[in-house]
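The values are calculated or read from the model by the stated rules, or taken from the named source; none is laboratory data. Please read these numbers as outputs of a predicted model, since none were measured by experiment. A quick note on method: Cβ atoms are made from the backbone with ideal geometry, for glycine too, and the neighbour counts reach across all protein chains shown. With ligands, DNA and RNA removed, areas are computed over all heavy atoms of the protein, side chains included. Shrake-Rupley method; radii C 1.70, N 1.55, O 1.52, S 1.80 Å.
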Amino acid sequence: MSTILKGIAASSGIAIGKAYRLIEPDLSFSKTAISNADDEISRLHSAVNSAKADLEVIRGKALVDLGEDKASIFDAHLLVLSDPELLTSIEDKIRMDMKNCESALKETTDMFVSMFEQMENEYMKERAADIKDVSKRVMAHLLGVKLPNPGLIAEEVVIIAEDLTPSDTAQLNKQFVKGFATDIGGRTSHSAIMARSMEIPAVVGTKSASNAIENGDIIVVDGLHGEVHINPTQEVIKKYEDELRSFEMQKLEWALLKDEATETLDGKHVELAANIGSPQDIEKVLINGAEGVGLYRTEFLYMERNQLPSEEEQFESYKTVLEKMNGKPVVVRTLDIGGDKQLPYLNLPSEMNPFLGFRAIRLCLEEHDIFRTQLRALLRASAFGNLKIMFPMIATLDEFRSAKALLLEEKEALVENGILVADDIELGIMVEIPSTAVLANQFAKEVDFFSIGTNDLIQYTMAADRMNERVSYLYQPYNPAILHLVKMVINAAHNEGKWAGMCGEMAGDEIAIPILLGLGLDEFSMSASSILKARSLIKKLSQNEMKQLAEEALGMQTANEVMDLVKNKIL
Ligand code: PEP
Ligand code: MG
């Protein structure tokens, strides 16, 4: 029977394909006493052997489909399974405690994991993650449960999950993963942002996709309207195939604007820039005719790995981006982890409110080694293009001053050592905390530019977790309260002769764009895939008329009124 689930349209496009459920398996078990230790140990050996056989197959497949780099992860897992110390400890526990294999496996591996996690040496710390993964696989065999493996999907599928972490998303192979639907998340959750940058159609926040969908169901992910169709009729599939074709045609029309300037009817030029997460994204940035990179989220360099990236590795990534952008501006944001972006290898204690906690610049101002390494890599890369640096999550002027002081210290040291550093690097901040928006006139005297991070600014102003679909109704970019904050920031910048950009998702939103244009925003940074559509819209608007529209919007009472205003007058 065909069913439709409603969710949040997170990444535009339409995907039709077979469901692949990426659900965390239930590995719960009960502790039981045993009478025969030898039987239990032979169960252990057979589960370990099956896990090894799995890993050999996965490794071979990874090598062919994904390359040596990803395949080597499984070499490390195989090594753990052949480690006599680990296996003997589990066997000893079975014999001594006369408990079932599952309990002995869990207790022993937990002990090894916490031992490795506490070690200073980064290489040793990595082993903790390997042991966790491997013990999960052995446990799954003991319990007869099948484990999903997102990185190894090698047929065309639509992924169904409760949630996808940013690193799950990064592992998805675009060749095979046609789209995804999740239970939780909002338009600005990082998996949604990554889906847009990878141009994978996605619907998030469906609340029930993972329950309602079985492996192999035929799924349509309608990332334009936020719908997921389960086993639709042939007519519905046909309708979507037609819609997919017209969407592709529309994209061809927009593509003609690739090399055109982004100018309004009355001659106001604004910059349309792209948000990126890695040097690989630059290809899309150039294809979509971006005039710069307005946000390089460097934290993705630190993810999907077991240790911090070295200065050299970072330098190479930043240099590549700067060189490929060939003199166009590149705004690099310093490390912004925390919230839904965690780095397990840093072993930070879990927090009650990660979005309000020890993250981004707060962490960098404590962990100087991590921060200074990144600053050095950036400064060295500055010689290869038009670099601008910005700090995330700035809440006070003191934070900005401290971060700037560290940057200047590193710069001085490099220059003293004869290393070439650009001397005109603009230094800005993200405005994503209301205290900073309110004091923007003070900040504007000290920074070179602002980039408004509305994903967080809305979350903090409306007190609505951007990941929580139950409060997603409060996630209101068009709320006049948000528009007033944005106006304050833009005016504050202009009063000091500085520029103001926006790199939150609101910058690429077709309802928001006319208002932002009227408020005088200088730079709009968005997913590369939204740029041409935004350019086509801006070229049809007059900035003078948008000033009036923005005035009207600022005087309204609700987000819906603002939305209706723009829809009636512009779209
Ligand atoms: C933002 O908060 O608007 C932003 C661009 O940063 P991120 O989405 O990475 O938190
Ligand atoms: Mg943010």
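Miscellaneous remarks
- Zone of LYS207's modelled label, taken as backbone nitrogen in segment 1-19 under 12 Å from a point 7 Å along Cα→Cβ: 5-8
- Kirkwood-type radius of segment 37-143, with distances r between different C-alpha atoms, in Å: 14.3
- With the highest mean first, a sort of the peptides 410-416, 381-387, 512-518 on other beta-carbon atoms found within 10 angstrom per residue produces 512-518, 381-387, 410-416.
- In this Cβ point-charge picture (+1 for Lys and Arg, -1 for Asp and Glu), segment 37-143 has a dipole of about 280 debye about its Cα centre.
- Protection-proxy order for peptides 314-322, 90-98, each taking the mean of Cβ atoms within 10 Å per residue, highest first: 314-322, 90-98
- Lys, Arg +1 and Asp, Glu -1 on Cβ, resulting dipole of the chain about Cα centre, debye, nearest 20: 1040
- Mean residue ellipticity at 222 nm, helices only, the chain: -15000 deg cm²/dmol; runs of at least 4 DSSP H residues each add -39,500 (n - 2.57), and the sum is divided by the number of residues.
- Taking the 1.4 Å solvent-accessible surface of segment 256-569 as the whole, the part contributed by carbon and sulfur is 49%.
- Taking amide H positions as modeled 1.01 Å from N, with prolines and chain starts lacking one, no residue 5 or more places away or on another chain lies under 5 Å from VAL145.
- Which of PHE247, VAL321, ALA528, positive extreme of dipole for the chain (C-beta unit charges): PHE247
- One quarter of the surface of the convex hull around the alpha-carbon atoms of segment 256-569 equals 15.8 nm², the direction-averaged projected area.
- 16 Å Cα-Cα reach of LYS539 towards aspartates and glutamates, excluding residues that sit fewer than 8 places from it in its own chain: GLU253, ASP259, GLU260, GLU263, ASP266, GLU271, GLU291, ASP509, GLU510, ASP522, GLU523
- Counted charge near PHE358, where neighbours are those whose Cβ lies closer than 14 Å (Asp, Glu -1; Lys, Arg +1): -2
- With contacts taken as Cα pairs under 8 Å at a separation of at least 6 residues, the chain carries a relative contact order of 15 percent.
- Dimensions in Å of the chain - Rg and Dmax from alpha carbons: 25.5, 86
- Extension gain, LYS6 back to GLU248 (0.36 nm per residue minus Cα-Cα distance, nm): 84.8 nm
- Segment 98-210 pair-distance distribution - Cα-Cα, 5 Å bins, rounded %: 2, 11, 16, 15, 14, 15, 14, 10, 3, 1, 0
- Shape analysis of segment 404-550 based on the Cα gyration tensor places the equivalent ellipsoid semi-axes at 30, 19, 16 Å, largest first.
- Signed unit charges on C-beta, dipole axis of the chain, positive-most listed residue PRO477, ALA381, ALA47: PRO477
- Relative contact order for segment 256-569, counting Cα pairs under 8 Å that sit 6 or more residues apart, in percent: 20
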